[in-house]
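Questions regarding the structure given below will be posed in turn.
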Amino acid sequence: MFPVSPSEKLQTIADAILKLSDYYINNPLAETPWHQKYCQIAYRHYYLPLNFIRCEKVIERGLQVNFFENLTHFIDWGAGPGTASLALAKSVKLKAQIKKQVLFDLSKSTMNQFSDLHVDFINKDYFDFLDLRTDYPNKQNSCLLFSYSLTEVTTLPAGWDEYEALMILEPSTSQDGRKLLNLRQNLIENGYTIWAPCTHQQSCPLLNHSKNDWCHDRAHVAAPKWFNDLEQLLPMKNKTVTTSYLLARKRKPKEKSEEKTSEIISAKARLTGDSLNEKGKTRQLICRNDQREFLTWMHKTIEPQIIARGELIDLPTDFEIKSNELRLKNPLKIPN
């Protein structure tokens, strides 16, 4: 689903995108210049649609593991134009259960500039100041949503740990991705269970066994013709987009509720790398515990499979372990 249509000439949009891109490159720590017309044009027609697709993918991952069960209130902290809230409101599977959407941003005018996109929001409230400790009562059924807002701060806002659920998206860069991996451990130490992308609550193998790796997912962009035409005027191409994310709740998933979470090694695994063709084998980085492991297809034994980064799979029981490789003997069932 693409959330916007062009309201300016494509060349005007392309010029605005390049100008905003240059601004971000030259001012990496500065606030987005929402008051500037070029910024509003660029964000509406380019950055917002791509971030919307990222949010859709994370929502899809949450639905796969039943993360959103009994969550009725969503507080979008640092909402900007409300991209993440828009993705929630347009989710066919979630729309009926959402009772309230709350958007907070220091610049309330930012949300007003994109208010025409908010018509699908459910019982929406807007705040330019929000104290999470006292201003919002329904914490047991609430999800705090941080969509590309934590990259600008050093700590979570006071009161975050009073809420049932957290949905966090960050840029898929090494710096922001590894910052999120450190935050993951903080959440676990404060009583949260990570529902996705992790299939376990042990220490993160990418953080502990690598100095550069980070966890991120990938979504394919099904863009309309006008957006593809727009990209012909730009040096950037977006056939796919990536994001780093965490979905965490105080409540444990049902299959984990009777077990000691720290001891779980799930039969599930998450593909955390792209497919790598090597001499005699194809490997793909997976996550199922605190070890850095590769799912491996030995070419003399089995035909390699292509599985998208970020997919959750069921591991068979008949693989062979060689060093850090889980060598498959039979084909995996690939998720639809």
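Starting from the Cα of Lys279, draw a straight line to each of the lysines and keep only those under 22 Å, dropping any in the same chain fewer than 8 residues away.
Hits, sequence-local ones excluded: Lys300, Lys322, Lys329.
Helix 10-26 versus the longest principal axis of the chain: what is the Cα-based angle in degrees, 0 to 90, to the nearest 10?
In the chain, helix 10-26 runs at an angle near 70 degrees to the longest axis.
Name the most mobile residue of Ile194, Ile321, Ile168, meaning the one with the largest mean-square fluctuation, in a Gaussian network model of the chain with Cα contacts below 10 Å.
Largest GNM mean-square fluctuation: Ile321.
Pairs Lys57/Lys124; Lys9/Lys225; Lys19/Lys237: which exceed 19 Å Cα-Cα? Walk me through the numbers before you get to the answer.
Numbers: Lys57/Lys124 23 Å; Lys9/Lys225 14 Å; Lys19/Lys237 16 Å.
The pairs that break the limit, which is 19 Å between Cα atoms, are Lys57/Lys124.
For Cα pairs less than 8 Å apart in space and 6+ apart in sequence, what is the mean separation divided by the residue count of the chain, i.e. the relative contact order in percent? It would help to have the intermediate numbers written out before the result.
Numbers: 604 pairs, mean separation 46.1, N = 336.
Once normalised by length, the contact order is 14 percent.
Let me ask something else about it. Under a straight-distance cross-link criterion of Cα-Cα below 16 Å, which lysines are reachable from Lys139, leaving out those fewer than 8 residues away in the same chain?
Lys99, Lys100, Lys250
Measure nothing but the geometry: give the 0 to 90° angle between the long axis through the Cα atoms of 48-64 and the longest principal axis through the Cα atoms of the chain, rounded to 10°.
40 degrees
Here is a further query. For a quick check, take a GNM of the chain with Cα springs below 10 Å and name the residue from Phe127, Phe319, Phe227 with the largest mean-square fluctuation.
Looking only at Phe127, Phe319, Phe227, the biggest GNM fluctuation is shown by Phe319.
Another question, then. Looking at the square roots a ≥ b ≥ c of the eigenvalues of the Cα gyration tensor of the chain, which shape do they give, rounded for a/c under 1.5, prolate if a/b is larger than b/c, or oblate?
Here the chain falls in the oblate category.
Give a quick list of trypsin sites (Lys or Arg not before Pro) in segment 108-202 that DSSP marks as loop, anything other than H, G, I, E or B, with at most 15 other Cβ atoms within 10 Å.
On the way: sites: Lys108, Lys124, Arg133, Lys139, Arg178, Lys179, Arg184; in loops: Arg133.
Loop-located and lightly packed - Arg133.
Right, next: Viscosity 0.890 mPa s, temperature 25 °C: Stokes-Einstein D of segment 42-199 from its Kirkwood Cα radius, in µm² per second?
154 µm²/s
Another question, then. When the chain is modelled as a GNM with alpha-carbon springs shorter than 10 Å, which of Lys99, Lys300, Lys252 fluctuates the most?
Lys300
Once every DSSP H run of n ≥ 4 in the chain is given -39500 (n - 2.57) and the sum is divided by its residues, what mean residue ellipticity at 222 nm do you get, rounded to the nearest 500 deg cm²/dmol?
Working: 8 runs with 80 residues, N = 336.
Computed ellipticity for the chain at 222 nm equals -7000 deg cm²/dmol.
Tell me the per residue accessible area of the chain using a 1.4 Å probe; a whole number in Å² is fine.
Counting only protein heavy atoms, the per-residue value for the chain is 48 Å².
Compute the acute angle (0 to 90°) between the alpha-carbon long axis of helix 174-189 and the principal axis of greatest extent of the alpha-carbon atoms of the chain; round to the nearest 10°.
80 degrees
Can you list residues from other chains, or at least 5 along the same chain, whose modelled amide H is less than 5 Å from the amide H of Asp76?
Hits under the 5 Å cutoff: Val102, Leu103, Phe104, Leu145.
For Lys333, give me every one of the aspartates and glutamates with a C-alpha distance below 15 angstrom, ignoring sequence neighbours fewer than eight places off in its own chain.
Within the straight-line limit of under 15 Å, Lys333 reaches these aspartates and glutamates: Glu303, Glu311, Asp314, Asp318.
The values are calculated or read from the model by the stated rules, or taken from the named source; none is laboratory data. The structure displayed is predicted, hence computed values, not measured ones. Note: ideal-geometry Cβ built from the backbone for every residue, glycine included; neighbour counts use all protein chains shown. Heads up: the accessible areas ignore ligands, DNA and RNA and are worked out on the full protein's heavy atoms, side chains in. Shrake-Rupley method; radii C 1.70, N 1.55, O 1.52, S 1.80 Å.
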